[in-house]
Amino acid sequence: MAEPPTIIPIFPLPNLVLFPGVRLPLHIFEPRYREMIEDVAEEHGIIGMILLKGEWEADYHGEPDIFAVGCAGRLDDIVKLPDGRYNVVLDALSEFRIIRELRDKSYRRAEVEWCPVEREALAINSAVTATLKDLLTRYLGQAAEEAWRSLVDERGFGGGEIINLLCFHLDIAPIEKQTLLEAFENRVSCLLDVLTFKLEERKLGPYGSGGPPGVVQ
């Protein structure tokens, strides 16, 4: 991303962590975020997606806590609906870290430091590829086989493309996806660790090896 802006609007959500290379459709209905779309469409077109933190519900319409690291994308398709809402598509570009927030708009803005992960850092050799495919198949079953064949074997996805897509689409908790995002250059090993942990967690069951509370084994 050439000469990205140092100040961008940020769009906090409670259950979404974006990764570079992903195309994200968004439906924008809150007045403050409609204003955000209007403003950014006339400028650089870049929006930073970031995860809400902790007990955000009580202050959602204010400024609840957020994580410091997010992923920004550029608006690609913007469709304004008759009632003023927007349907947009965001092309995810790069990770960023918030330096400080600005309080000059109805929506949140921040000065950011860009932290793009180089493509080479997410390259995977044949051994790691085989391990990743095995873990995914054990975790997701036949669906993983079909997705792998479509994305890797037929469409030629590899390295950062497949790693970031998996991090975004995997059915894991948002906080686990945030951990993957914040792993930066170590994202591949972090993804393998998360999948390994999930398989072990499934093997032990909801109560771990000790059984349900109050039951002596």
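The values are calculated or read from the model by the stated rules, or taken from the named source; none is laboratory data. Worth saying up front: this structure is predicted, and the values here are computed from it rather than measured. Positions of Cβ are generated from backbone atoms using ideal geometry, with glycine treated the same way; all protein chains shown enter the neighbour counts.
Taking each residue of the range 175-192 that is basic (Lys, Arg) and looking for partners that are surrounded by 18 or more Cβ atoms within 10 Å (Cβ to Cβ) with beta-carbon atoms closer than 7 Å, six or more apart or interchain, yields Lys177/Val17; Lys177/Cys167; Arg187/Val117; Arg187/Leu122; Arg187/Ile163; Arg187/Cys167; Arg187/Leu180. The helices (runs of 4 or more DSSP H) located wholly in the range 56-171 that include 2 or more residues which are closer than 24 Å to Val194 by Cα and either of a type in the set (Lys, Arg) or touching a residue at least 12 places away in the same chain (Cβ under 8 Å) (or both) occupy 126-140, 160-169.
Residue-wise test of (1) out of contact with any helix residue (DSSP H, G or I) (no Cβ under 8 Å at 6 or more places or on another chain); (2) within 12 Å of Thr6 (Cα to Cα); (3) in the same structural domain as Asp39 (by TED's automatic domain parsing); (4) modelled with pLDDT of 95 or more.
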{"position": "Leu93", "(1), (2), (3), (4)": "yes, no, yes, yes"}
{"position": "Ile98", "(1), (2), (3), (4)": "yes, yes, yes, yes"}
{"position": "Lys105", "(1), (2), (3), (4)": "no, no, yes, no"}
{"position": "Arg109", "(1), (2), (3), (4)": "yes, yes, yes, yes"}
{"position": "Ala123", "(1), (2), (3), (4)": "no, no, no, no"}
{"position": "Ser126", "(1), (2), (3), (4)": "yes, no, no, no"}
{"position": "Ala130", "(1), (2), (3), (4)": "yes, no, no, no"}
{"position": "Lys133", "(1), (2), (3), (4)": "no, no, no, no"}
{"position": "Leu136", "(1), (2), (3), (4)": "no, no, no, no"}
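Residues satisfying the criterion are absent from the range 121-143 (criterion: of a type in the set (Val, Ile, Thr), closer than 30 Å to Gly45 by Cβ and buried (at least 18 other Cβ atoms within 10 Å of the Cβ)).
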